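Structure first, then comments.
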Amino acid sequence: MTELELQQREAVVAEARRWLRTPYQHRQHLLGVGVDCAWLLIEVYHSLGLLPWIDPGSYAQDWHLHRSKELYLAWLEEYGRQVVTPQPGDIAIWKFGRTYSHGAVVIDEHRVIHAFLDIGVEVADMREERLASRPVRYYTLNSFGGSDGGRGR
């Protein structure tokens, strides 16, 4: 891992920590006011230049219960790649309902920062039942260590 990549990963975790205690609010993305798990990731990575501005469009809060199309995975695969062992600053995504639909910023091998319904943005332990009982995948962004502006190419 290059020095630049290490700095970027530390910056991701630091930026995600700024969002702690922001209430959960579906389809919102305002620090301290409200955010959901998708917008938390968009705001964190975009603010650091690791992703372009992504507008996920309109989505129902329970879309993952009624659809099989992997919306979340589609953009993760466009801008990143799946990894087996996540590093700080990577993304963890869990299967809730029919799809992988809940994302978080990895802090270390056991902890993540995520926006969780009825809780808001928190540090969570991935060994807790609500997360450990679900399938999880990990992604790293292609832009770590590079200067492609998060385009993933």
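The values are calculated or read from the model by the stated rules, or taken from the named source; none is laboratory data. Given the structure is predicted, the values throughout are model-derived calculations rather than measurements. Here the Cβ positions follow ideal geometry from the backbone for every residue, glycine too, while neighbour counts run over all protein chains shown.
Per this entry, ALA14 is not counted among residues that are at pLDDT below 90 and within 22 Å of GLY146 (Cβ to Cβ).
Given the structure, is TRP94 within 13 Å of the chain's Cα centre (by Cα), assigned to a helix (DSSP H, G or I) and either closer than 18 Å to GLU5 by Cα or not hydroxyl-bearing (Ser, Thr, Tyr) (or both)?
No: the conditions fail for TRP94.
Among the residues of segment 38-54, is there at least one that is free of Cβ contacts under 8 Å to residues at least 24 places away in the same chain, outside any loop (DSSP other than H, G, I, E, B), surrounded by 15 or more Cβ atoms within 10 Å (Cβ to Cβ) and more than 15 Å from the chain's Cα centre (by Cα)? For segment 38-54, residues free of Cβ contacts under 8 Å to residues at least 24 places away in the same chain, outside any loop (DSSP other than H, G, I, E, B), surrounded by 15 or more Cβ atoms within 10 Å (Cβ to Cβ) and more than 15 Å from the chain's Cα centre (by Cα): absent. Restricting attention to segment 20-37, the residues being of a type in the set (D, E, K, R) and either in contact with a Leu (Cβ under 6 Å, 6 or more places away or on another chain) or in contact (Cβ under 8 Å) with a residue 60 or more places away in the chain (or both) number 2.
Residues in segment 106-143 that are touching a residue at least 40 places away in the same chain (Cβ under 8 Å) and of a type outside the set (Val, Ile, Thr): 15 in all. When the residues of segment 56-84 are filtered to those that are at pLDDT 60 or above and among the aliphatic types (A, V, I, L, M), the one that is surrounded by the most Cβ atoms within 10 Å (Cβ to Cβ) is LEU76.
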